[in-house]
Amino acid sequence: MLKAGIKCFIILSATAEFALSRTDTIGSDSAIVPTASCYDGSYAVRLPPFDSCSGFRKCEPGSYCENGAKLLCPAGSFGDQIGLNSSKCSGPCPPGFFCPAGTANRESHFCGSADLYCPLGSSVPIKATSGYYTVDNQGSEDVNTQLTRSRQVICPRGYFCSDGVKQACPGGTYGSVEGLDSPRCSGLCPEGWYCPPASKQPYAFSCISGHSLATGHTAHKHCPEGSERPIPTAEGYYAVSSHSVIGGGFGQQLICPRGSYCINGMRHLCPAGRYGLNLRVFNASCTGVCTAGFYCPEGSIIDKQVR
């Protein structure tokens, strides 16, 4: 049996509705009961250090306290203050960062790399979808912000996107749809046309490079399938087209045949009085003059073409 004047301290467990520190004097009607402020944002402890109320300690950063119990701030949020009393803690993790449970510093975990992104309130980084690229919170894809990407954007036409990075479709190819994820893009540029890097369609740039009264256009350049730019037709060759799309230029070059000479990608018959025995002739003199006593009509192959 306790004698009058002896004081008793009672601290309830941390799972109680609140931890009560109470001082009674036996034989006295007085009792000191802590107010709500004693356990708001605090948790019950058995040993010092205590907060202003005996038996309580303020919740540390990264945690919050309800009903005298301490809990970690939920994943996707952070708590950068002491004495937090709500599961919202200090707020959601900012874009470009992720927050595991118990995070105190809002920017302690970078999202990581260009192939990962972290929107507002992320608990873990998210892998970028194939055919998408990542950007930071300002919408920039600058290489200097690869650690803090916050969202993904579908790859635009003329580009392909892999591992969160946007790259131009290579020269000689084109990208006609969004969401491409391979450097093959939509395919090779067709014969008679050329496709610079980041081309969006196959028939944007014709290989036609000039105009001539004889053919309607010159042939000193040609574009085989998969061309990034027009290619000069080689000396002693002539350009031809095998495609059917109206407006396209020449797509191939062929060696100048016997009886002809080829200049600026165009084929001409050797003039009358001369003959062309050799392949790949590139001037009007051809191989030489017709032998005396013989006639060489236009396009003759030998020097004794007609007696």
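Rule-based calculations on the coordinates, nothing more; no lab input. Computed from a prediction, not measured in an experiment: that's the story for all the values here. Methodologically, a virtual Cβ is constructed for each residue, glycine included, from the backbone with ideal geometry; neighbour enumeration extends over all protein chains shown.
Before moving on, here are some points about what is shown:
- Ser150 long-range amide H proximity, modeled H, under 5 Å: Cys118, Val135, Asp136, Asn137
- Sequentially through the range 134-142, phi angles give Karplus couplings (6.51, -1.76, 1.60; θ = phi - 60°) of 9, 9, 7, 5, 9, x, 8, 10, 4 Hz, Gly and Pro residues having no value and appearing as x.
- Net charge of neighbours whose Cβ lies under 15 Å from the Cβ of Ala292, counting Lys and Arg as +1 and Asp and Glu as -1: +2
- Full extension of the segment from Leu147 to Glu235, taken as 0.36 nm per residue of separation minus the current Cα-Cα distance, would add 26.3 nm.
- Extension gain, Arg307 back to Phe110 (0.36 nm per residue minus Cα-Cα distance, nm): 61.9 nm
- Rounded to the nearest Hz, the phi-derived 3J(HN,Hα) couplings of the range 274-287 under the Karplus curve 6.51 cos²θ - 1.76 cosθ + 1.60 (θ = phi - 60°) are 10, 9, x, 7, 9, 7, 6, 6, 10, 8, 6, 5, 6, 7, where x marks glycine and proline.
- More than 13 Å apart - percent of Cα-Cα pairs taken over the range 256-307: 42
- Residues whose placed amide H lies under 5 Å from that of Gln81, excluding near-sequence neighbours: Gly62
- Nitroxide proxy distance, nm - points 7 Å out along Cα→Cβ at Leu254 and Ser86: 8.1
- Under 5 Å from the amide H of Glu66 lie the amide H atoms of Leu71, each residue being 5 or more positions distant or on a separate chain, with H modelled from the backbone and absent for Pro and chain starts.
- Gain in span if fully extended, Leu72 to Lys127, counting 0.36 nm per residue against the direct Cα distance: 17.2 nm
- Relative to one another, the C-alpha centroids of the range 104-181 and the range 257-301 are positioned 61 Å apart.
- The phi torsions of the range 71-87, fed into the Karplus equation with coefficients 6.51, -1.76 and 1.60 and a -60° offset, translate into couplings of 10, 6, 4, x, 4, x, 10, 9, x, 9, 10, 8, x, 5, 10, 9, 5 Hz, rounded to whole numbers, with Gly and Pro shown as x.
- The charge dipole of the range 256-307, taken about its Cα centre with unit charges on the Cβ of Lys, Arg, Asp and Glu (plus for the first two, minus for the last two), comes to roughly 100 debye.
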